[in-house]
2 protein chains.
Amino acid sequence: MSDATRDIEALIELMARLPGLGPRSARRAVLHLIKKRGQVMAPLARAMAEVATSARECAACGNIGTADLCDICRDPKRATGEICVVEDVADLWAMERGQAFRGRYHVLGGTLSALDAVGPEELRIPRLIARTRDENVREVILALNATVDGQTTAHYIAEALEGTGVSVTSLAQGVPIGGELDYLDDGTIQAALRARKSVQ
Amino acid sequence: MSDATRDIEALIELMARLPGLGPRSARRAVLHLIKKRGQVMAPLARAMAEVATSARECAACGNIGTADLCDICRDPKRATGEICVVEDVADLWAMERGQAFRGRYHVLGGTLSALDAVGPEELRIPRLIARTRDENVREVILALNATVDGQTTAHYIAEALEGTGVSVTSLAQGVPIGGELDYLDDGTIQAALRARKSVQ
């Protein structure tokens, strides 16, 4: 195997480590890139190198940006009294796509997990408690995943903020928009029934 | 949206154009890369830039390498009398993984297609005919996909080489190793029955 093939093989191996790509699709992607090396591969390599050097975590909320504070924390138009707590930057992006929340975020970086020895210190939870004090926060909205670990983490944060005067809320659970009852799991139907609302 | 977010958005858009990745999985991949920007993202960007500048098509066979002639065409141990014709570099890689063929390749770069106006000139077919003459080729093995376009192309090449003394063969069709009859399509079962072999 020559240097050439080794370079290409090395690239395929690196690509295969990305979530959503396996060895086979990594090969396909690399071949596609090589065929379009001028229009796609070179710009992609540049964009990647760019982000690799500039990206960093926001010192306040844990979001990704290129400065010490992220775009959202620096934005004077975002309400400071509300913090939406999410597990991951991907969840923050999902919330932003929803365009319904105009406050600030706090990215935990995961969930509490006894099994994986993840405690509050690993999760920016102390930083969240400090922010509710320092930033005069009225409401903490827990937008954590509806999993066991997510809900454990939500309970822990709610307890930690008890008696501080900060109101703690969480996203509503129920039937998703466009959802068909027949395709929903039992847990969702139970939650939707328990949280039923008057339509009068 | 700040420059930072724009850079990340641009990267996601470029990644989403890769085969096998959509907008959602591109976002997930980019987040993963940003989290591991030291260990994964920077090396991946370097490997990609490296291959983008060095990769080129072999002047003889159309395989991908970094020199004018690819590793296989330069390898004195590969038999020169046999050429295996494949549609795409991915197919060449698949043949090489099989480790059964020790001759040289010819990558067509696609299949003949009246619909897409792909004629023999677009496909390195004239180059293949020239090679069979210049390289003293005894056998051309057609390893084209078992699709309509693949088989049309195979017929065209077989006709073009008629009377030149070059024997033209194609890969056997039949039941794949480990294949279960119950899961095979009708066409494969028909082909396997027609090409049945004596086991005595």
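Summary table
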| quantity | calculated |
| --- | --- |
| Residue that is of a type outside the set (Phe, Trp, Tyr) and at positive phi, where the choices are A:Gly81, A:Gly110 | A:Gly110 |
| Some residue of the stretch A:65-86 being more than 9 Å from chain B (Cβ to nearest Cβ), within 19 Å of B:His32 (Cα to Cα) and of a type in the set (A, V, I, L, M) | yes |
| Which numbered condition B:Glu9 fails, given (1) facing another protein chain (nearest Cβ under 8 Å); (2) modelled with pLDDT under 90 | (1) |
| Close pairs from the stretch B:39-64: first at the interface with chain A (Cβ under 7 Å from one of its Cβ atoms), partner among the aliphatic types (A, V, I, L, M) and assigned to a strand (DSSP E or B), Cβ under 9 Å, at least 6 apart | B:Ala55/B:Ile64; B:Ile64/B:Val107 |
| The listed residue being of a type in the set (Gly, Ala, Ser), more than 30 Å from B:Thr66 (Cβ to Cβ) and at pLDDT 90 or above, out of A:Gly109, A:Gly65, A:Gly98 | A:Gly109 |
| Helices (runs of 4 or more DSSP H) wholly inside the stretch A:19-130 containing at least 3 residues that are in contact with a strand residue (DSSP E or B) (Cβ under 8 Å, 6 or more places away or on another chain) and not charged (D, E, K, R) | A:89-98 |
| Any hit, the stretch A:41-51, residues being of a type in the set (Gly, Ala, Ser), over 19 Å from B:Asp88 (Cα atoms) and over 26 Å from the mean Cα position of the chain (by Cα) | yes |
| Considering residues of the stretch A:153-183 that are touching a residue at least 24 places away in the same chain (Cβ under 8 Å), assigned to a helix (DSSP H, G or I) and not hydrophobic (A, V, I, L, M, F, W, C) only, the residue nearest to A:Asp134 (Cα to Cα) | A:Tyr156 |
| Residue within the stretch A:123-132 that is within 18 Å of A:Asp75 (Cβ to Cβ) and out of contact with any helix residue (DSSP H, G or I) (no Cβ under 9 Å at 6 or more places or on another chain) present | yes |
| Residue check for B:Ala42: out of contact with any Ser or Thr (no Cβ under 7 Å at 6 or more places or on another chain), on the phi < 0 side of the Ramachandran plot and among the small types (Gly, Ala, Ser) | yes |
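The values are calculated or read from the model by the stated rules, or taken from the named source; none is laboratory data. Just so it is clear, the model here is predicted, and its values are computed rather than measured. Positions of Cβ are backbone-derived with ideal geometry, glycine not excepted, and every protein chain shown enters the neighbour counts.
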